[in-house]
Amino acid sequence: MNHSEEVSKTDKSNPIDEYFQCLSHCDIHPKWIDNDCEVICMERHLKANYW
């Protein structure tokens, strides 16, 4: 594997990492994460890859 192939693999973002990054911007309440925000993150980052 050459260097350009390695770089391209690391440049591709992981949908799960993107989902968790998105969640970090949601309002967090003592017992839950804002449900609307969580759904938006799921649809935006996981739906196309896992559903």
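Some observations on this one:
- Counted charge near residue 40, where neighbours are those whose Cβ lies closer than 15 Å (Asp, Glu -1; Lys, Arg +1): -4
- Note that the stretch 32-45 has calculated 3J(HN,Hα) couplings of 6, 9, 3, 4, 4, 5, 4, 5, 4, 4, 4, 5, 6, 10 Hz, one per residue in order, obtained from phi through the Karplus relation 6.51 cos²θ - 1.76 cosθ + 1.60 (θ = phi - 60°); glycine and proline are x.
- Net charge, residue 24 excluded, C-beta distance under 14 Å - Lys, Arg +1, Asp, Glu -1: -4
Rule-based calculations on the coordinates, nothing more; no lab input. Remember, predicted model here, so these are calculated numbers, not experimental data. Using ideal geometry, Cβ is built from the backbone for each residue, glycine included, and neighbour counts are taken over all protein chains shown.
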